[in-house]
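> Here you go, one structure.
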Amino acid sequence: MHVVATTTIYPTEDEKRVEAALSNLFLLGSLPVETEDCQIRISSTKKDSLDYVRSKIHSLRIIDAIRSRLLSNWDGEKTIMCFDKQAAYHGKLRLVDDRQEEPPLGLVEITMRFASEEEFEAFLAWFAPPTKDGRIVSH
């Protein structure tokens, strides 16, 4: 698995604040931050780099929405989910429908690539497992 999170740094934005928005999603401690042109990017090959955002998703009880987005964006090798950058800066997690919505300050787009369908399914079972009546269903 390879995870890449990117967002745009607009001319009116402070680069450190944009980096803080990413930090609020990933606890960047050990992840390298790359800035090129007007983009800021972090990447990781470790599933645990998503532990923090996963815990927020579970505590907010938006597992179904995340699962639905990951499945609808799955193209056989990668999937994406997008979050509101301004909300992330304020420590909030707000899922954005990447096909219909563009928040004023833009998105944090998280792309996850997988070596196989099986790897994606195992990730999905861990990150956003199926639920019924708001509770995780064990297989």
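The values are calculated or read from the model by the stated rules, or taken from the named source; none is laboratory data. What you see is a predicted model, and the numbers here were worked out from it, not measured in a lab. Every residue, glycine among them, receives a Cβ derived from its backbone with ideal geometry; neighbour counts consider all protein chains shown.
> For segment 106-139: of the residues being under 30 Å from Gln86 (Cα atoms) and charged (D, E, K, R), which is modelled with the lowest pLDDT?
Arg135
> Shifting gears a bit: Report yes if Ala87 is of a type in the set (Gly, Ala, Ser) and either free of Cβ contacts under 8 Å to residues at least 12 places away in the same chain or under 18 Å from Thr8 (Cα atoms) (or both), otherwise no.
Yes.
> Let me ask another. How about segment 52-70: which of its residues are at pLDDT 90 or above, of a type outside the set (Lys, Arg) and closer than 17 Å to His2 by Cα?
Passing the criteria: Val53, Leu70.
> Can we say Thr111 is touching a helix residue (DSSP H, G or I) at 6+ places or on another chain (Cβ under 8 Å), of a type in the set (Val, Ile, Thr) and surrounded by 12 or more Cβ atoms within 10 Å (Cβ to Cβ)?
Spelling it out, it is not the case that Thr111 is touching a helix residue (DSSP H, G or I) at 6+ places or on another chain (Cβ under 8 Å), of a type in the set (Val, Ile, Thr) and surrounded by 12 or more Cβ atoms within 10 Å (Cβ to Cβ).
> Separate question: From the set of residues in segment 41-61 that are crowded, with 17+ Cβ neighbours inside 10 Å and among the β-branched types (Val, Ile, Thr), which is farthest from Asp97 (Cα to Cα)?
The qualifying residue farthest from Asp97 (Cα to Cα) is Ile42.
> Which of the residues that make up segment 103-125 are touching a residue at least 12 places away in the same chain (Cβ under 8 Å) and assigned to a helix (DSSP H, G or I)?
Across segment 103-125, the qualifying residues are Glu117, Glu119, Phe120, Phe123, Leu124, Ala125.
> Check off (1) among the hydroxyl-bearing types (Ser, Thr, Tyr); (2) closer than 22 Å to Leu124 by Cα; (3) buried (at least 18 other Cβ atoms within 10 Å of the Cβ) for Tyr89 and give me the number that stays unchecked.
(2) is the only condition that Tyr89 fails.
> Here's a check for you: in segment 24-40, which residue that is polar (S, T, N, Q) and within 24 Å of Asp97 (Cβ to Cβ) is surrounded by the most Cβ atoms within 10 Å (Cβ to Cβ)?
Only one residue tops the list, namely Asn24.
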